[in-house]
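What follows is a short report on a single structure.
No value in this document is a laboratory result; all are computed from the given coordinates. Worth saying up front: this structure is predicted, and the values here are computed from it rather than measured.
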């Protein structure tokens, strides 16, 4: 046995003891139904340098086996279901119900106009208000959304990208009104614009000014919101757009590196912002490949942060990630089969050591989930956690010949993509040239053809079809809502201090071209004066222009 | 006109950013020899209609996954009419609940394809939509060729048909491949067929065991049975036989799945012309 192995093992044991003081393990001893005792971790008897270098111990570089020493033996992953629809008032009621049920984290879905920086009364918003999430125009809506929800007690994840700065400022302003200071706010903004150009589509400005706004957020949060995750670098949507598992990791990490580069260039030190970077991945159908993917992603990021960027704080090396099961894998045919798909996908995320998880609802190929479907989705996670026993030892797949091979192979192929992207000139350049978009499209088209030729079987879709009556109960958003929201926003505009709004907007306009001025305090002033998301974004649209795609 | 390459505009109305489906379909239609113009994201109804007119397309394909289809799709039909371009058909797809399909069709959308539709089917649909003449070469079935009635024993069954009804027995034939003995009774232009199983594996034996004697199938006289089967298959009609097989009286036959015809087992039957 090598001494380096023994040192690391000792260190891991010490760290595990330390962690369990704060977060005791769920049970004193874990055992199977046959009373076989389950250890915290299993390693090979004969270990060598290769083991230490590739796998190491959980909570230790390169984190292949997990980012915490005891993982789910102490605490399960956070079960965080994405929700939000219709008006701020309806969503607020739903949030308060969820909090009453013991949920501690909120996850806000915004409607498309909000995500693209249009007010509800903009002609572009017609038909879309409140459809895929909650409509937020002004601070008044945000006040309603978090009414009676103490922002020092909950952590809030917001799926918002191009106008992330505006929504984050509204969150800060609501906190201030509640008497909660900025440094106490916890949560995450998605804020990942690069994947919007690649896969998700809710971009507003061209890449360069968008990157500037993002680094302004990094800088501002480092000084004012130290507990807030400033970005969630997302492979989820890249995968949904049809990429392979390798492409998902490669493009996500390439984007992550672009943000790190931009932040460093703006004058920040890597250890000032890197600990607040978070990731978001997809869990798809191929069980072992998915589990290996998460393990590989952690190892790749750790190496990049330590070796390439020379980060010194171990928190900068750790890839923390949220997972959502794959929406595009769900079928409209025999929708109850989706429950099984989601269970397997969720299991792969747990095997891969996710920090939080959203399980999709069975009816998502048809419409927004009903309450019953959403409950089954949550129960699926709870069954995996409480009944299956998979959370009782750390990284149970570690050491499987197959899984370790896949982990190595994925790392290798991701690195080869990263080299290609570096040769193009980095992720921003690769996005502008459409490199990632093309790679994803080829993979998506190939998958479609394989499915249609019957080479890939999708149960219930191209095999085992049945005659089915379609009578699913589906959630619908009230068509009246759009009208009410438009009226509300117009009344806010009539009753605010118009001069204050105009002054605040003109400050933003002036600062837009001066990258040495941080936009965040100016946007905060504007939202406090009840300037709307659309008004603030329109000022920046004029200054920066709009991205129009490839 | 008939030979012109079909031109398709694939468009993303509204603010939805999910374009995987739109891109995959654009590529698949290109692979079917069509010219496809993709608008990109976030197009207004006016922009889409302008593009359709300028590009002189034969059909517009809309994609939306955000739930806004109920207002966005009809809007495009409306703007087309305003621009006197209502002859351009509109089809659509995305995350669209089945209940919304009648509403959208009523508003003038020609066809909605729900998730899981093979791209092949969409391509064939467009081809038929734009070049219906290519399809009308296949005439509708000419008549009922015969009606099949499953019986346990032809000898016992015959007196009712020949004596009571007074129909003429034109022949009795064994079709070994189907394990069945058939009695043909002429009635006007068409025939009744009494079908008696000659072994336990015969489909007729199974039918009688399960449901008793009675109405078994209806055969339609057609021409171009091969092309017709291919066309039905492309339309997603369930077939029991994808290729025609030899039937009685020098005919070629193929069965459709009963679910294709509301529970009736339907047979296509093509007789050699000179045999008539």
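Annotations
- Inter-part distance where the range A:111-126 and the range A:373-387 are each reduced to a Cα centre, Å: 34 Å
- For chain A, calculated [θ]222 nm from helices alone, where every DSSP H run of n ≥ 4 adds -39500 (n - 2.57): -15000 deg cm²/dmol
- Two numbers describe the Cα atoms of the range A:84-187: Rg and Dmax, which are 13.0, 40 Å.
- Cα gyration tensor, the range A:193-245 - rounded (a/c under 1.5), prolate or oblate: oblate
- Å³ per residue enclosed by the Cα convex hull of the range B:143-275: 112 Å³
- Counted over chain B, the DSSP beta bridges are approximately 55% antiparallel.
- Once you reduce the range B:236-276 and the range A:483-529 to the center of their Cα atoms, the two points are 71 Å from each other.
- When both bridge partners sit in the protein assembly as shown, DSSP labels roughly 40% of those beta bridges antiparallel.
- Relative to the longest principal axis of the Cα atoms of chain A, the long axis of helix A:435-452 makes an angle of roughly 70 degrees.
- If the convex hull is drawn through the Cα atoms of chain B, its volume per residue in Å³: 168 Å³
- The range B:7-133 shape via C-alpha gyration tensor axes, a/c threshold 1.5: rounded
- For the protein assembly as shown, the alpha carbon positions stretch 101, 73, 52 Å along the principal axes, listed from largest to smallest.
- Cα centroids of the range A:302-362 and the range B:101-175: 49 Å apart.
- If you sort the three axes of the alpha carbon gyration tensor as a ≥ b ≥ c, you get a/c of 1.5 or more for the range A:412-453 and a/b no higher than b/c, which makes it oblate.
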